[in-house]
1. Would you confirm, using the coordinates I've provided, whether residue 155 is more than 12 Å from the ligand (Cβ to nearest atom) and either over 24 Å from residue 258 (Cα atoms) or modelled with pLDDT of 95 or more (or both)?
2. Could you please find all residues in the range 273-296 being over 19 Å from the mean Cα position of the chain (by Cα) and of a type in the set (A, V, I, L, M)?
3. Please go through the range 126-152 and give me each residue that is charged (D, E, K, R) and either assigned to a helix (DSSP H, G or I) or away from the ligand (no atom under 16 Å from the Cβ) (or both), ordered by number.
4. For the range 7-42, enumerate the residues that are open to solvent by 10 Å² or more (accessible area, probe 1.4 Å), within 16 Å of the ligand (Cβ to nearest atom) and over 16 Å from the mean Cα position of the chain (by Cα).
5. Provide a single number: the residues in the range 306-330 that are within 22 Å of residue 232 (Cβ to Cβ) and in a loop (DSSP other than H, G, I, E, B).
Amino acid sequence: MPQDTLLEVPKELIDFLLRHSSFVIAGHKEPDADCLGTQLALGSALRRLGKEVLLVNAGPFERHEITPFEHYFLPGPESPPRATASSDLVPEAAIIVDCSSADRLGSMAEQILNLPLAVVDHHASGERLQGVHFILPEVPAATILATALIQGLGLEITREEAEWLFLGLVTDTGFFRFLAPHQHIAFTTAAKLAQRGASPQGTDRFLSSGRSWESRQLIARLLQRSERLLEGSVLLTYQTAGDEKEFGRHRDSDALYRLLLAVEGVRVVVLVKEKPKGCAISFRATDSTDMGALAASFGGGGHQKASGAFVAEPLNQFLPRLRQSLLGIA
Ligand SMILES: [Mn+2]
């Protein structure tokens, strides 16, 4: 495959972007680097075309790898005002990235959905919004779509854009470890981004450094607390409000999942976090057990391998009920 052959971008999306002169680019709440990288790089490319751009995200910016980017984004009405982004611009059109439904936008949805819309996404779920679509569920990261889109606009990707896009690509693909056969578009895109100055070793250093001592202590606590169900094929652990008080607020569950999912014979890992109004549950699978369906049984959703739910129940009440239903996993 020639190196410049990425995805084909719908012509009506290119027309949409060329036709309007100012945009708000919105991503999903609780953003990750794929969402923010897509927003940042598309925003930068459109500015290079002389367009005015506003980047909005309702946050919170809790994940370790996204905190450096918070100042680029206008907050939703719920968030405290931030200094660097200005809101004087009244945009003509909106681009929604890395999600396809209004409820994922959080508090900003209302202001955005009245505008002419384009949706750039790689999720299968969500009720579809009206507008121009570039939605490919088989593509493993939104930043892959953004890379193709910037090239489709006739622009060469800048080094800064390449770095944002590469960061998003590797976080959504677990640094390529989560990719299935035939998702080689991730590598084609990575080759392009490395050619434009993205650094795999620099990105890895950025992702795997700078964690607090307390965050490691918290992982130790949760490892120690983990319970083995169904002869050790299911591991369950939980984080209490007291843990958060003791160790501070950290979002590094991925490190915990990697350790627990690596245990011999484990199929499913479940993490429960006590929250002020209930419990947030995350499900991860190593095999084909459907985590999306499991989460749905608690009113949540997600993918086959990773999903989540929220229940408005106190931890001590919910845990026994959860254990019971985990024992029923086929
Ligand atoms: Mn994504």
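The values are calculated or read from the model by the stated rules, or taken from the named source; none is laboratory data. Since the structure is predicted, the reported quantities are computational estimates derived from the model, not experimental observations. Counting neighbours? That spans all protein chains shown, and the Cβs are built from the backbone with ideal geometry, glycine included. What goes into the accessible areas is simple: the full protein's heavy atoms, side chains included, and nothing from ligands, DNA or RNA. Shrake-Rupley method; radii C 1.70, N 1.55, O 1.52, S 1.80 Å.
1. Yes, satisfied.
2. Answer for the range 273-296, where residues must be over 19 Å from the mean Cα position of the chain (by Cα) and of a type in the set (A, V, I, L, M): 293, 294, 296.
3. Of everything in the range 126-152, those that are charged (D, E, K, R) and either assigned to a helix (DSSP H, G or I) or away from the ligand (no atom under 16 Å from the Cβ) (or both) turn out to be 127, 128.
4. The one that is open to solvent by 10 Å² or more (accessible area, probe 1.4 Å), within 16 Å of the ligand (Cβ to nearest atom) and over 16 Å from the mean Cα position of the chain (by Cα): 7.
5. Number of matching residues: 4.
Residue-by-condition table, conditions (1) open to solvent by 40 Å² or more (accessible area, probe 1.4 Å); (2) within 10 Å of residue 235 (Cβ to Cβ); (3) assigned to a strand (DSSP E or B):
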position: 266; (1), (2), (3): no, yes, no
position: 272; (1), (2), (3): no, no, yes
position: 281; (1), (2), (3): no, no, yes
position: 289; (1), (2), (3): no, no, no
position: 292; (1), (2), (3): no, no, no
position: 299; (1), (2), (3): yes, no, no
position: 304; (1), (2), (3): yes, no, no
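Yes/no per residue for (1) closer than 26 Å to residue 157 by Cα; (2) modelled with pLDDT of 95 or more:
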| position | (1), (2) |
| --- | --- |
| 181 | no, no |
| 185 | yes, yes |
| 190 | yes, yes |
| 203 | yes, yes |
| 212 | no, no |
| 220 | no, yes |
| 231 | no, yes |
| 234 | no, yes |
